[in-house]
Ligand code: CYC
């Protein structure tokens, strides 16, 4: 996993140079938004299970997907779906704190599309549920922090599509 600091300093070190103005600007923004991101992470972790259940209620619960024949039926699959959304939210929160997407690539997306395809987990409802996660989280943490975490939830959606 990387964060903004390592992603800027490691390449500069390899080239034996000081950071240039755009690189320093990237770090300045990282430090400037630090308080906002840490506060949002605290709110998300306190409310994680209710964020996930609201997102499921808003996007999946009342469709055919939870009925016999749907991928969220029976309870074992329903529980796997809740677990997946909980993982997506937790990893997006880590990525927001690091302000770097690499943890999403390494821990979440690597091989996931293939796994979902093999198990018949449908992508479109998964994306819908992740978008619902974004909306519920944004309502809770506010627009600016919502954008910070939302970028990483969008990254998961594009990695699955
Ligand atoms: C299954 N989700 C799985 C599986 C994996 C993941 C590996 C197969 C193994 C298992 O059932 O535990 C996902 N595992 C992860 C991720 C990580 C990991 C992301 C990263 C840390 O280690 N089905 C739907 C909904 C959707 C859904 C739209 C919820 C959004 O219809 C999810 N995922 C779902 C379901 C299964 C699953 C139902 C079980 C599928 C089956 O066994 O038939």
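Each value in this text was obtained by applying a stated rule to the coordinates, not by laboratory testing. The model shown is predicted, which means the values in this text are computed figures rather than measured ones. Cβ sites come from the backbone with ideal geometry, for glycine too, and all protein chains shown count toward neighbours.
Structure above, values below:
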{"read-out": "Those residues of the range 97-118 whose amide nitrogen sits under 18 Å from the label point placed on residue 9, 7 Å along Cα→Cβ", "value": "97-102"}
{"read-out": "For the chain: relative contact order, % (alpha-carbon pairs under 8 angstrom, 6 or more apart)", "value": "29"}
{"read-out": "Ranking of 17, 26, 134 by count of other Cβ atoms within 10 Å, fewest first", "value": "17, 26, 134"}
{"read-out": "Computed lengthening from residue 48 to residue 118, 0.36 nm per intervening residue step minus Cα-Cα distance", "value": "22.4 nm"}
{"read-out": "Neighbour-count ranking [beta-carbon atoms within 10 angstrom, fewest first] of 91, 18", "value": "18, 91"}
{"read-out": "Residue 110-residue 158 pseudo-label distance in nm [points 7 Å out on the Cα-to-Cβ vector]", "value": "2.1"}
{"read-out": "R0 of 25 Å, Cβ-Cβ distance residue 143-residue 76: FRET efficiency to nearest 0.05", "value": "0.10"}
{"read-out": "The range 81-161 shape via C-alpha gyration tensor axes, a/c threshold 1.5", "value": "oblate"}
{"read-out": "Rg [Å, one decimal], Dmax [Å, integer] - the chain, C-alpha atoms", "value": "17.6, 61"}
